[in-house]
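Report on the structure given below.
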Amino acid sequence: MKTCRLYSWNVNGLRAVVRKSHFFSFLKQEKPDVLCLQETKAHPDQLGADVKDVNGYQANFHWAQKKGYSGVATYSRPPASRIACGLGLPHYDNEGRVLIHSYPSFTLFNVYFPNGKKNEERLAYKMAFYKDFLQLVNQRMKKGEKNNTASVSPAYRRSKLPFSIILASISSSQPDIPKHPPADNRVPYKLHRV
């Protein structure tokens, strides 16, 4: 199986990352096959053509109805055979939190999970989102979607289980585990290599 370089990056505002030149320098340096961005905070009409149409990449966006809030984007060199925006539930999908890409050997979920710190209502929303997202993933796995059987290990191949990858920004931790690195260990952007 060909190696596929997947990256997840909570940009906390795609326009700001582009303005600071981090976005294009990252693409040039790392050359990801798939780059999943979370917290883009932009509608496509707020982005320049150079960001929406990056040479060599298929770009897909799912944005929140409210401008400057939430949103995800995926840049992919291999074309996805199918792309879905959202979970199919309007009360989540109007926040632009999920893109689902189907590739020949896996399904990729690009997810920006809700934060529940604001109040009890948002915490309940966050927990319901987790439950409904997990239910969706489990349903898809039970269906055994065609063309989503991974060729990783012989045992896994024999199992014929669909292979899903979730790249996400998740605002969760145990109470005694800090959510952020110490101040002296900060980087200009949050990046996780998978």
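The values are calculated or read from the model by the stated rules, or taken from the named source; none is laboratory data. The model shown is predicted, which means the values in this text are computed figures rather than measured ones. For neighbour counting, all protein chains shown are included, and Cβ atoms are generated from backbone atoms with ideal geometry for every residue, glycine included. In case anyone asks, the SASA skips ligands and DNA or RNA and just uses the protein heavy atoms, side chains included. Shrake-Rupley method; radii C 1.70, N 1.55, O 1.52, S 1.80 Å.
Checked against the criterion of being in contact with a Pro (Cβ under 8 Å, 6 or more places away or on another chain), open to solvent by 30 Å² or more (accessible area, probe 1.4 Å) and free of Cβ contacts under 8 Å to residues at least 60 places away in the same chain, the candidates Arg82, Arg122, Arg97 yield just one match: Arg122. Looking only at residues in the stretch 59-79 that are under 19 Å from Asp93 (Cα atoms) and hydroxyl-bearing (Ser, Thr, Tyr), the one that is surrounded by the fewest Cβ atoms within 10 Å (Cβ to Cβ) is Tyr69. Evaluating Val111 against the criteria (1) over 20 Å from His43 (Cβ atoms); (2) touching a Lys or Arg at 6+ places or on another chain (Cβ under 8 Å); (3) hydrophobic (A, V, I, L, M, F, W, C) leaves one unmet condition, (1). Of everything in the stretch 17-58 that is hydrophobic (A, V, I, L, M, F, W, C) and open to solvent by 30 Å² or more (accessible area, probe 1.4 Å), the residue that is farthest from Asp93 (Cα to Cα) is Phe24.
When Phe61 is tested against the conditions (1) farther than 27 Å from Cys4 by Cβ; (2) not in a helix (DSSP H, G or I), the lone failure is (1). Being within 24 Å of Lys131 (Cβ to Cβ) and open to solvent by less than 10 Å² (accessible area, probe 1.4 Å) is true of Leu108.
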